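Take a look at the following structure, please.
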Amino acid sequence: MDSICYGWRNERIIMSSRIEEPRPTGESAPVMVAQNVIAAAVLCIGEVIAAPLYMIMVHGGIALVPWMMVACMLAVAFCATAGFALLWLAQSLVSRMSGVHAVVVYAVTGFVGFGLWGFLVVVSLIDSLTVAQGLAALVAGQALSVAFNSAVWGFLGYGGAQAVGERFARHRRAVYVTGAVLVIVAAVGLFYAVSMFSVVY
């Protein structure tokens, strides 16, 4: 009787685990593509959240909503270029790791990579728009704040990409739809960037 009950409990556990496991909808997307889409989405959200702080730094020298779109464009551009290299690097580093250790490696890689991008690219773009209007460039402390904010979102974006990337890849349609939305947002950001530079230069 005990063995029957034990087997019945095991069967329930197996059935519940099967129910909780996410099921793919059709053929899976490439995992690295899914990870990059996750990272890009997180970075865009981070740039939108940080945009009001950046506008305070430049004393309103840049319009808020256009900058949000431009910042999202920069995030998508990062993921479409350096982002794939970072994912490849992280994947090579975690070839013998799993679980939390792999997530941490991806997160640290994103922290360093997007932090540098924020310091070198985002700060330069902000300065190019403000200095052309006769406003002061970002001081060292402000530039480091931009870099640190970018690094934090890079940490979250790439850590999350490793944590849920494989599951997200099973939902191919969701991956490609999210990617398409990000490309559209980036295109709008590019339009705003061209418009802004055409006004100040």
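The values are calculated or read from the model by the stated rules, or taken from the named source; none is laboratory data. Every value quoted in this text rests on a predicted model; they were computed, and no experiment measured them. Methodologically, a virtual Cβ is constructed for each residue, glycine included, from the backbone with ideal geometry; neighbour enumeration extends over all protein chains shown.
Going through A90, A75 one at a time, which residue ends up being touching a residue at least 24 places away in the same chain (Cβ under 8 Å), crowded, with 18+ Cβ neighbours inside 10 Å, farther than 30 Å from Q133 by Cβ and of a type outside the set (K, R)?
Details: A75 fails: farther than 30 Å from Q133 by Cβ.
Only one candidate passes the filter, namely A90.
Let me ask another. Which condition number in (1) farther than 23 Å from I49 by Cα; (2) at pLDDT below 95 is the one that A163 fails?
(1)
For segment 107-126, does any single residue satisfy the condition of being surrounded by 16 or more Cβ atoms within 10 Å (Cβ to Cβ), modelled with pLDDT under 90, in a helix (DSSP H, G or I) and of a type in the set (S, T, N, Q)?
no
For segment 161-201, which positions are within 30 Å of G99 (Cα to Cα) and among the hydroxyl-bearing types (S, T, Y)?
Once the filter is applied, which keeps residues that are within 30 Å of G99 (Cα to Cα) and among the hydroxyl-bearing types (S, T, Y), segment 161-201 yields Y176, T178.
Residues checked against (1) among the polar types (S, T, N, Q); (2) out of contact with any strand residue (DSSP E or B) (no Cβ under 8 Å at 6 or more places or on another chain); (3) assigned to a loop (DSSP other than H, G, I, E, B); (4) modelled with pLDDT of 85 or more:
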site: I14; (1), (2), (3), (4): no, yes, no, no
site: G26; (1), (2), (3), (4): no, yes, yes, no
site: V33; (1), (2), (3), (4): no, yes, no, yes
site: V48; (1), (2), (3), (4): no, yes, no, yes
site: C79; (1), (2), (3), (4): no, yes, no, yes
site: G83; (1), (2), (3), (4): no, yes, no, yes
site: A90; (1), (2), (3), (4): no, yes, no, yes
site: H101; (1), (2), (3), (4): no, yes, no, yes
site: V105; (1), (2), (3), (4): no, yes, no, yes
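Could I ask something else about it? Could you check segment 132-186 and list, in sequence order, the residues that are more than 18 Å from S28 (Cβ to Cβ), of a type in the set (G, A, S), in a helix (DSSP H, G or I) and in contact (Cβ under 8 Å) with a residue 40 or more places away in the chain?
The answer is S145, S150, A151, G154, G157, G159, G160, A186.
Does V31 meet the test of being out of contact with any Lys or Arg (no Cβ under 8 Å at 6 or more places or on another chain), surrounded by fewer than 23 Cβ atoms within 10 Å (Cβ to Cβ) and over 25 Å from H171 (Cβ atoms)?
no
Six or more apart or on different chains, Cβ under 8 Å: which pairs go from a residue in segment 42-63 that's among the charged types (D, E, K, R) to one that's surrounded by 13 or more Cβ atoms within 10 Å (Cβ to Cβ)? Could you list them?
E47/M68; E47/A71; E47/C72; E47/L74; E47/A75; E47/W153
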